[in-house]
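The values are calculated or read from the model by the stated rules, or taken from the named source; none is laboratory data. Owing to the predicted nature of the structure, the values given are computational and were not obtained by experimental measurement. With ideal geometry, Cβ positions are generated from the backbone for all residues, glycine too; neighbour counts draw on all protein chains shown. Just so you know, the surface numbers come from the protein's heavy atoms only, side chains and all, with ligands and any DNA or RNA stripped out. Shrake-Rupley method; radii C 1.70, N 1.55, O 1.52, S 1.80 Å.
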Amino acid sequence: MSDATVSDTNHRLKPLTPAKLRELSVRSDLRGAAQSLGHYGVIVLVGALIWMVSSSWGALWALPLMVVQGYVVAFLFMAVHETAHKTAFRSRGLNLGVGYLSAFIIGLPYEYYCLFHWDHHRYTQDPERDPELIVGVKVTSDAQLAIAYSGLLQVAGRLRLMLGHAITGKVVVPWIPESKRSTIVAEARAYVALYALLLALSLWFSSALLLWVWIVPLVIGQIFLRPYLYAEHTGCDRSRSAFQNTRTTYTGAIVKWFAWNMPYHVEHHAYPSIPFHALPKLNAIVDGEIVHRGRGYIRTTRETWAWFRRARPAS
């Protein structure tokens, strides 16, 4: 993998025919329901097992299950992402319902994320305007890099931002337009109030249920989610073309399923109107145009780690 570069050429893919684009862009309530219910079904099943084991033998014995739950819960980020594009379902109401629920579970306010992600698509790999690069952790040592790959700093940052919005009533980040700032403040306050209510109920009933089946797994799961997210663009070109500024990572079926087919990330950035379930078909069409190709997440994580080390300032 080479370091990110600024491309002089303006790569243009021969577009899909209008008929093919319409065919691939068909959204489906059935496909969205199958995906989201399957994802949530695994969460409920593993959560029940965690509670049974921790209640009978102690939380330590349930730790392996918490790791599994962490992966599954953290990857609800993909449900938030797909519903932010309103492509998970045909129904707008279902997109919003699943989006709001998933966003609440992972601690990422939904309306805020929709606006954040809109600018990410508009300005992908632009260090001055891409929100993912603006809020990205700047590392100067291997220790800081390891912490960044844990995902804990990113989660702490967005929770701190949410609390700031809720407490101060002010929104100053550039990707939130003035007309939407009151919505973001109201959303942050609603999230904080609901989290506080759940905490109060847990204390009232002296229950650690939410701690072991939700909070601890969510923290653990960042270790899986953050390297996955770094694979999407790290080390790719600073170009306007999705076929140069984004990476598709070829991986196993289980990973693709829990990630809602977003390892086909070049395809998603090139044609964001195409829903998750049609991305494998799109890949078969555009595969030859993809510049940055990851060969599994273990290998790709090694490559993104090496890129961050090369890119950090010299001491």
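Out of Phe258, Phe243, Phe205, report the one residue that is surrounded by 17 or more Cβ atoms within 10 Å (Cβ to Cβ) and closer than 29 Å to Ile105 by Cβ.
Criteria check complete, one pass: Phe258.
Among residues of segment 98-114 being of a type in the set (A, V, I, L, M, F, W, C) and over 14 Å from the mean Cα position of the chain (by Cα), the one that is most open to solvent (accessible area, probe 1.4 Å) is Leu101. Does Pro109 fit the bill of being over 30 Å from Gly47 (Cβ atoms) and in contact with an Asp or Glu (Cβ under 6 Å, 6 or more places away or on another chain)? The answer is no for Pro109. From the list His277, His233, the lone residue that is modelled with pLDDT of 95 or more, touching a Lys or Arg at 6+ places or on another chain (Cβ under 8 Å) and within 30 Å of Leu45 (Cβ to Cβ) is His277. Here Ile290, Ile285 are screened, and the one residue that is closer than 30 Å to Gly32 by Cα, buried (at least 20 other Cβ atoms within 10 Å of the Cβ) and over 20 Å from the mean Cα position of the chain (by Cα) is Ile290.
Contact map, segment 99-116: residues that are more than 14 Å from His85 (Cβ to Cβ) paired with residues that are outside any helix (DSSP H, G or I) and open to solvent by less than 10 Å² (accessible area, probe 1.4 Å), Cβ distance under 6 Å, separation 6+ or inter-chain. Pairs shown: Ile105/Leu76; Ile106/Leu76. A residue that is more than 17 Å from the chain's Cα centre (by Cα), open to solvent by 20 Å² or more (accessible area, probe 1.4 Å) and not aliphatic (A, V, I, L, M) occurs somewhere in segment 214-234. Of the helices (runs of 4 or more DSSP H) lying entirely inside segment 14-92, those containing at least 3 residues that are surrounded by 15 or more Cβ atoms within 10 Å (Cβ to Cβ) and at pLDDT 95 or above span 29-57, 63-74, 77-84.
Within segment 152-178, the residues that satisfy the criterion of being part of a helix (DSSP H, G or I) and open to solvent by less than 50 Å² (accessible area, probe 1.4 Å) are Gln154, Val155, Ala156, Gly157, Arg158, Met162, Gly164, His165, Ala166. Pairing each residue of segment 79-91 that is farther than 17 Å from Ile106 by Cβ with any residue that is assigned to a helix (DSSP H, G or I) and basic (Lys, Arg), provided the two are 6+ apart or on different chains, yields C-beta distances under 8 Å for Lys86/Arg92.
Hand me the list of helices (runs of 4 or more DSSP H) wholly inside segment 212-315 holding 3 or more residues that are among the charged types (D, E, K, R). Lay out the reasoning, then the answer.
Working: elements: 216-233, 242-245, 253-258, 265-270, 279-286, 297-311.
Passing ranges, in order: 297-311.
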